[in-house]
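The numbers here are math on the coordinates, done by the rules we state, and not lab data. Model, not experiment: these values are computed from the prediction. When we count neighbours, we look across all protein chains shown, and the Cβ atoms used for this are built from the backbone with ideal geometry, even at glycine.
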Amino acid sequence: MDDIVKQALAKWPNVPACYGWLGLDVRGRWYLRDDATQALGPFAHSRGTLLAHEKLIAFIHRNYEPDAQGCWFFQNGPQRVYVELEATPHIWRLQPDGGVQSHTGQPAQVRSAWLDEAGHFYLDTDIGFGLVHSADMAAVADAVEQGRWTPQEMAGSDLPARFGFVRSPQALQAVRGPA
C-alpha cells in the first residue's frame, strides 16, 4: 500500500466504504460505474466506463487487496472502494519464461490449476486465485501437455466459496446492511 494512502487512513480512519463503483472484467480491465450505470444492473451486464489513465490504473494495482471476508477493494486514500468482479480477483497472464503474472503486474507461484464446466482455466497461487486470460489458452494447453499443471475440475459456481473471494461486495453489503 502506498505511504500516502496509509497517511490518509491514519488522518481519516472512519470514511465510509464505497460499493458498486469499480469493476474488474475477465480481461483484467477496470471500469468506473456511476449511479446511472449501476441502475442498469450488475457489473457483468452493465460495465460502465473503461479506465484508461495509466497512472490511475497503476495506483489501483498498488492498493488492491482483500478484506477478511474475501471482498476485494482498492484503498483510495482513506476510502475503501470495493470491486465488483466479473470472474475472479486476479486475471493471470502467462509470461514467455513460463512465469505467471497478475493483471496488477505481481508475479505469482502456482499452487494448483482448476477447470470449470465452461472450460475456463484458473490458477490458485501464493498471491490469490484467478482466471487465466483467454489470450493465453494456447500456453495453458502447452503447460498441461508438458505436465506443469494438472487441472482439477470444479463447478464455476463453487469457486468463490472454495477460494475465499466474493464476486459482488455490493450484493453482500446489501444483504448484510450498512456496517
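Dipole magnitude for the stretch 90-154: about 180 debye, using +1 per Lys or Arg Cβ and -1 per Asp or Glu Cβ, origin at the Cα centre.
With N the number of residues in the stretch 54-113, Rg(Cα) / (2.2 N^0.38 Å) evaluates to 1.23.
With contacts defined as alpha carbon pairs under 8 Å and 6 or more residues apart, what's the relative contact order of the chain in percent?
Numbers: 317 pairs, mean separation 38.8, N = 179.
Relative contact order comes out at 22 percent.
Relative protection proxy for 23-31, 52-60, from highest mean packing down: 23-31, 52-60 (other beta-carbon atoms within 10 angstrom).
Remark: relative contact order (the stretch 90-154) = 32 percent; criterion is Cα-Cα distance under 8 angstrom and separation of 6 or more residues.
Look at the Cα gyration tensor of the stretch 90-154: its axes a ≥ b ≥ c give a/c under 1.5, and that counts as rounded. The DSSP beta bridges internal to the chain are antiparallel in roughly 70% of cases. Using the charge dipole of the chain (Lys, Arg: +1 at Cβ; Asp, Glu: -1 at Cβ; taken about the Cα centre), state which of Q79, T104, A143 has its Cα farthest towards the positive end. Comparing the listed Cα positions along the dipole, Q79 ranks first. Going by neighbour counts of Cβ atoms within 10 Å, the residues S134, S102 line up, fewest first, as S134, S102. The chymotrypsin sites (Phe, Trp or Tyr not before Pro) of the stretch 119-179 include none that meets both criteria, a DSSP state outside H, G, I, E and B (loop) and at most 14 other C-beta atoms within 10 angstrom of the site's C-beta. Length gained on full extension, A68 to D158, computed as 0.36 nm times the residue gap minus the Cα-Cα distance: 30.5 nm.
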